Each structure stands twice: as structure tokens, then as C-alpha cells.
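The structure appears below as C-alpha cells.
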């Protein structure tokens, strides 16, 4: 159950330079599962989106261990294995196991995801922001056509599952929102 | 450069294309609709991206989504398969604009061939036989043209396809009204009201030539197929070669196909279709299908050429790896299209869950399919489940092998066309090879004696 954080950081740094969609690393009782271009599958989603090396978010070892024993960390990352959703206060949210009162905002079409109106500008929203139902959360670009994605319900943004420039597929989860009651 | 091919199709042909790419060492990315995420092709592709909702317009026909997905996944080429975007000049252009190789002929060739009147004129210009016909503008000219051709005549939409937009006219009294109606329908269906007249050939065989061209000016034909067993212009049983063609006619057929390929500087796979009037021993050009054809396996069976592999290589710039002299036809091949359609109810589609799927594994057979036990056959797309192909040294032996394959094929859960295929193969008219394109329509509308 012991993870050498430096080793883990080195692995992820190497991964970041390569092309892959699914990476499974097993050594003794350590099991590291990194995926990109997708989101966390239901069975791997008990404990949240995970931050990877180079970010300030806690590494997998700091998270609650999986009930089964070996660490199974499957960050929702694309295209680089970096942090996606972190809200330092409440437990992070993953698309596969949405807490009560949360809704998922999914991509209405396949395209390129942009979290800000223009490069360099602040993001439309970040985790912790309160949004109205008609608030624009991001843009999905398809062949130079910019499509705004709205929240659909008022509430607080609790997770952002993708990052700028990612290819998002039709119905891929983009945000989680804790709806205002 | 390591190629990565975007497969812009579904079903059995997506599986076929992925398999060809795998053997060439190319990466594959498959675009799917939400209804197709668990298909066999999705399991075999290197990567899968969801394009959109199940309806074809929201996914497989959505050009922007397909091209965006191909670019974003680092693809170098797009294979459109058949149907969907395979014959759209605008799609081929969009691919080119974004540096993607479209696995097919040039947009100009697609445009010329998409307009049947233009294709007909092209054929005429290189001395390829066409049936009597043409087009006119004024009502008087149309009457005159029809008289010259002789009734019955067929009105066809220049941009129609698959039998849509056709009207049969028996005499001059019906002509003017039918012409206007056909034009209005063509305008509504295809966005272009151009229609033309052709002599209606009552009893003809459908014969087509497989061609392939590279980007270095080489063009080769790979023999002919006969696809006369059709229901409402949909092919049901195909075979290669067409055994009734006299040698001189076969030579004319090949030369005609190659002349058209040359006129278009054709690149990739194409099929030049003809009607063959057996009693008059005359050929008439029908159209060119600028893509991989559903029935390509029968040609592969008699030539030994992997058409999808060659199609990928030539469109990616390789010279053809064989010349005309290298092509030898050997034996006879038959293909049966097994569809989820109910032959007892006008071949209506019968989607559902396939609970049993046990093909024959005997020798001389090939099965192109995306079906497996437990597969939920979706209602959104065409009804093709599998293509059973049988090869043998001669036609009679190939038919016999096919009959055994169909008899042994166990399918449960959905109603299929298997009984109809067996009925066709056992029929004396099919056995004698005197089938013409209207034969199956007649067979299916026959009143069953009670």
C-alpha cells in the first residue's frame, strides 16, 4: 500500500510525453490506472478524479484507499494526465458516481472544448462558482463553429472534467453542478 | 509516416476496414453514434469517438463532426465505407481542406458521377454504349424525344439513386404529367429537379465491373459481377463472374469500364454498372459507384485481391501493385446478403436482440459480419446483418456450397431473410441463370396458391 510519490510523479511525467489512452501499471500491491480521452468508468469511480504530478492537488496516495486494497486511481484526464476536478472543501465529484443533488452537464456535440471565451481570458466558470440556468459554461467548437453550452439549471459548479483544447465526444460529461434547492 | 485512418462508417464494413488497416499496420479511429458504442467494430478499433445521437443525420452523416473528430484524433485519412458520406463531393472537399486524405476519388469525379445525366454524357463521349435517351426542356421536345426512344420509357432524376425518383411511362398520354411530377419530386428529394428519359429495358441483367486506379495513371479492372437478384433496386444475391456474357461482350464491358475510368482519371475503387439485355446481346451504361461496394467480396474471391487494402494503398499514394496481366479470374463466387428483414411481410425490418448466431464453418466460405450473440440490432440503420460468400470452381458448385452454408446457419431472436435466400437459390430460374432485375419483385408479389 506504499506509493513512492517521486516514482509516481516520474511515471506520470513520462506518460505526459507519450500518446496513450489507457495505462495500467502494477507493481506488487500497487495498481495505477491512468486513462485519457475519456472519463472515469463507473467501476473505478469510487474515489474521485485524481490530481497528477505537477499540480498542487493531492496525489493518489492521499486519497482514501480502495476497499479492495490495491490503489486504483483512474483520473479523468485528457489529453494530458493532469488535474481536472478539485474542490478543496467538499469531496471531489466524478461523472460515474454523482452525489445526490448534482447534475451532469454533457457535451451537446462532438468538438473541441474551450473553457474561456478567448485564449488568455478568464474561464467562464470555475469550481465553486454559482451559476444561473442560462449561464454559459464553455464553448464546444466544431469546424470553426462555436457552440455555447449552458448550465441548464442554477447551482454551484462542483467539478470540471475536461480542459481547454480537449476533444470532447457527444454526451461526454463536462461539468457537475450542485443544483440550488 | 504512420497512417491513422478514421473509419466513418458502421456495421460489417467498419469491421472490414479496420481489419484491412490492422494488417497494413495503420492505426484506426472509429466514429460511432451513441447506438453503436458496443459494436464489434468499436471493440476492434484502436480508438472510438462518439460523434452524436443515433439518427444518421446527427452522427454518421454529420460532416463537421466526422472531420472534426478525424482532425482531433490525429488521423491522416478518412475511409467513408459505402453509403453515408462516401459519395458526397462536399465531404471529400472538406477532408482535403483539412489535410485529410479522402479514401475515394476526387471531388470532381464524385460530382460528375453524382449527376447521372452528366455521367451518361461522359459515357457517350468515350463511346461507351448507353441506352437510348436524353433530356429536353420544352414539353414538345420531351414528347419528341420519347417517340424517338419508343415506349415504355423511364424518367430518372439526375441526382437520384437507389431507384428513387424513377417513373415508368407507358404511352404519350402519360408523359407530360409524369415528367412534371418526376421533376417536382426530384427537386423535393434531391434539391435538383433535373430529370431525363431512358428506354425502359424490361428484361435485363445487372452487370458491373470493378475498377481501381492509382495516383500515377494506372487503371485496372478486376472482372465483373452479376447482381440481377434485386428487390426494389436493392441487391440481394451477387456473384462473380457473369456466366452468360459472350466473350466479345465481356471484352466490350471491360473496355467500356476502363474508358470511363480513364476519362475521370479515376483514383481508388469504383464500380461501373451496366444493364445487359440478353436477348439482344446489348450493354447499356447505367452509372458509376465511386466507392467500395457491398458485394466486393465476390470479386476478392475470384481474383485473390484484397480490394480494401489496395484501395487504402492507392488513395494514400502508392502505385498499384499489379497490372492488368496479373489479374486472373478463378472459379465462381456467390454472395448472399443476410438481413434483419421479414420475407413474409414485404421484407419489413425486424430489429431486436440476436439470441443465437451460429454460422457454418465449412470450407470455401467467408462471412463478413458485425453480429454476435447478444447483439441488439438497432432500428436506426440498414438491415444488413452479414454477407455470406461461397467460392467453388464453378457456379453450380458455388451455389451448392452456399445452400449448405445457409441451411446450417442458425439465427434466432430476429426474423431474417435466410428463408428467402434459400428460396432464391433453389429456384430453377436462378439455377439456370436467367434472372433479370425484375425477377425477384415478381417472385415476391406472386400470389401464393392456397
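Here are a few things to note about the model shown:
- GNM flexibility winner over chain B from B:175, B:316, B:365 (Cα, springs under 10 Å): B:175
- Under 18 Å from a label point set 7 Å out along the Cα-to-Cβ vector of residue B:404, the amide N atoms of the range B:414-440 belong to B:422, B:425-426.
- Cα Rg over Rh - the range B:141-298, Kirkwood: 1.00
- For the residues B:178, B:188, B:158, a GNM of chain B with alpha-carbon springs under 10 Å puts the largest fluctuation on B:188.
- Ranked by how many other Cβ atoms sit within 10 Å of their own Cβ, fewest first, the residues A:146, B:402, B:166, A:109 fall in the order A:146, B:166, A:109, B:402.
- Label reach from residue B:328 (point 7 Å along Cα→C-beta): in the range B:365-408, amide nitrogens under 19 Å belong to B:391-395.
- Computed over chain B, the P(r) tail beyond 33 angstrom holds 36 percent of alpha carbon pairs.
- Mean partner shielding of peptide A:111-119, defined as the number of other chain Cβ atoms within 10 Å of each residue Cβ, is 1.
- Sorted peptide list for B:5-15, B:44-54, criterion being average Cβ within 10 angstrom, highest first: B:5-15, B:44-54
- For the range B:255-363, the convex hull spanned by the alpha carbon atoms encloses 208 Å³ per residue.
- The simple Förster model, with R0 at 35 Å and r as the Cβ-Cβ distance, assigns residue A:7 and residue B:63 a FRET efficiency of 0.15.
- Residue order for B:34, B:445, fewest other beta carbons within 10 angstrom first, comes to B:445, B:34.
- Distance (nanometres) between label positions extended 7 Å along Cα→Cβ at residue B:445 and residue A:180: 6.5 nm
- Rotationally averaged projected area of the protein assembly as shown (alpha carbon convex hull; nm²): 34.1 nm²
- Computed over Cα pairs, the Kirkwood radius of the range A:102-179 leads via Stokes-Einstein (1.002 mPa s, 20 °C) to a diffusion coefficient of 177 µm² per second.
- Size descriptors for the range B:140-198, from the alpha-carbon set: Rg then Dmax equal 10.6, 29 Å.
- Per residue, the average separation of C-alpha pairs within less than 8 Å and at least 6 apart gives the range B:60-148 a relative contact order of 19 percent.
- Our note on the geometry: Cα centres of the range B:397-450 and the range B:272-331, 25 Å apart.
- Only Cα pairs under 8 Å and 6+ residues apart enter the sum, and on that basis the relative contact order of chain B stands at 14 percent.
- Residue exposure proxy: B:87, B:187, B:239, ordered by other Cβ atoms within 10 angstrom of their Cβ from fewest to most, comes out as B:187, B:87, B:239.
- GNM result for chain B, Cα springs below 10 Å: residue of B:280, B:232, B:401 fluctuating most strongly: B:280
We did not get these values from a lab; they are worked out from the coordinates using the rules stated. Not measured: the values here are computed from a predicted model. Please note: Cβ atoms are built from the backbone with ideal geometry, for glycine as well, and neighbour counts cover all protein chains shown.
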